[in-house]
Amino acid sequence: MDVVELHNRTVANFADLVSEVPADQWSAPTPCSDWDVRALVNHVVGEERWTVPLMAGKTIAEVGDTLDGDLLEDDPAAAASYAAREAEVAATWPIDKVHLSYGDEDPHEYLRQLAADHLIHGWDLAVAIDVPARMDAELVAEVADWFAKREELYRSAGMVGDHLDGFTDPAGALLAAFGRDPRWTPAAAMLERFGTAFDESDLETAMSLVTDDIVFESTSPTPDGGRYEGADAVRAVWATLFADTADPHFETEETVLLGDRAVVRWKYSWREPSGNRGHVRGVDVLRLRDGKIAEKLSYVKG
């Protein structure tokens, strides 16, 4: 595939996805854990805005800080559409070398770097806002062939995460090579945050991730555990748990998601008066609603 076509198709696909972002999802989490949807889009728009001066032969120093900060302003979709159109035109300009931060680069290599970034970040954005990902088979094949020769270089430079094994379809395998988990969903990110909150005894964060009418069934007393309904009742139970447990540690061992249901296998440990650590292993059977936990039924082994 012609490199300009590859670049421009991935750029156009990303701009189309930005136009689909609902008004209430700009702060939604993405597979890039440090970025919400707005930060992700701002990053890609920044790359597109940089494409114009770099393909015109300018250096990093000449551009300076003119493209730093928020590039989306009050209309992110319009900003993304404008930046995409400008980048698509710039991709056609003839130039011998592009002056990048690590040195001079062949313009076709630069455009392939941008195409890969748009394709992968396009998937990030699509799954973050729960719309179909635009992982066109032709584009996936082109980027996969290019990246296969560069994966270890990217990883050694800290630019991608660990390669995840077990994914065989072309799109999933490419995402895994870039350190992405093709199974990622906003619900998975929410459950990870909830597990971290429990590990850190962070009551406020934990409560922010449950519904007002949360139902919680604890693991004790036997045989059925306690049942608590509503956020106030659950808050009181968890506040006591956090306050009365010495040096607690909550570890998620596995999470299985299916629609609005989830099962989380976990290990919970604490420091006993003797100084030794005790622990229990168990599962939570969860019901999810509107991006939060609506029901948490807890069970332990033994």
One point scatterer per Cα, no solvent, Debye formula: log10 I(q)/I(0) for the stretch 18-69 at q = 0.14, 0.17, 0.24 Å⁻¹ comes out as -0.47, -0.62, -0.88
Carbon plus sulfur, as percent of the 1.4 Å-probe accessible area of the chain, comes to 50 percent
Placing each pseudo-label 7 Å from Cα in the direction of the beta carbon, SER274 and THR219 end up separated by a distance in nanometres of 1.8 nm
Computed from the beta carbon distance with a Förster radius of 25 Å, FRET efficiency for ARG227 and THR168 to the nearest 0.05 stands at 0.05
Magnitude of the Cβ-charge dipole (Lys and Arg +1, Asp and Glu -1) of the chain about the Cα centre, nearest 20 debye, reported as 1000 debye
Excluding residues fewer than 8 positions from LYS301 in its own chain, the lysines with Cα under 17 Å of it are LYS267
Computed ³J(HN,Hα) along the stretch 186-199: with the Karplus parameters 6.51/-1.76/1.60, θ = phi - 60°, integer Hz and x for glycine or proline, the list is x, 5, 4, 5, 4, 5, 5, 5, 5, x, 5, 4, 5, 5
By the C-alpha gyration tensor axes a ≥ b ≥ c (rounded if a/c is under 1.5, else prolate when a/b exceeds b/c, else oblate), the shape of the stretch 131-197 is oblate
Placing each pseudo-label 7 Å from Cα in the direction of the beta carbon, ASP24 and LEU209 end up separated by a distance in nanometres of 2.1 nm
Partner lysines whose C-alpha sits under 27 Å from that of LYS58, ignoring same-chain residues fewer than 8 away, are LYS97
Classified through the alpha carbon gyration tensor (a ≥ b ≥ c as square roots of its eigenvalues; rounded if a/c is under 1.5, else prolate when a/b is larger than b/c, else oblate), the stretch 225-288 comes out oblate
Quick calc of log₁₀ I(q)/I(0), the stretch 116-271, Debye, one scatterer on every Cα, no solvent, q values 0.11, 0.18, 0.21 1/Å, result -0.61, -1.10, -1.35
Taking Cα atoms only, helix 76-90 is inclined relative to the longest principal axis of the chain by an angle, in degrees rounded to 10, of 40 degrees
On the formula 1/(1 + (r/R0)^6), with r taken between the Cβ atoms of ALA78 and GLU200 and R0 of 45 Å, the FRET efficiency rounded to 0.05 is 0.65
Once ALA246 and ASP34 are pulled to full extension, the length gained, defined as 0.36 nm per residue separation minus their Cα-Cα distance, is 73.3 nm
The chain, convex hull of Cα, quarter of hull surface, nm² -> 18.9 nm²
The stretch 14-54 and the stretch 263-302 have their Cα centres apart by a whole-number Å value of 35 Å
Taking Cα atoms, the helix 107-129 axis meets the longest principal axis of the chain at an angle in degrees (rounded to 10) of 30 degrees
In this structure, the FRET efficiency calculated for ASP96 and TRP146 from their beta-carbon separation, with R0 = 22 Å, to the nearest 0.05, is 0.60
Distance in nm between SER156 and ASP136 label points, each 7 Å along Cα→Cβ, equals 3.4 nm
By the C-alpha gyration tensor axes a ≥ b ≥ c (rounded if a/c is under 1.5, else prolate when a/b exceeds b/c, else oblate), the shape of the stretch 47-175 is oblate
Rg from C-alpha atoms of the stretch 1-106, normalised by the globular rule of thumb 2.2 N^0.38 Å, equals 1.12
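The values are calculated or read from the model by the stated rules, or taken from the named source; none is laboratory data. From a predicted model like this one, the values you see are computed outputs, not experimental measurements. Neighbour counts are summed over all protein chains in view; Cβ atoms, including those assigned to glycine, are modelled from backbone coordinates with ideal geometry. Note: accessible area is taken over every heavy atom of the protein model, side chains too, but ligands, DNA and RNA are not part of it. Shrake-Rupley method; radii C 1.70, N 1.55, O 1.52, S 1.80 Å.
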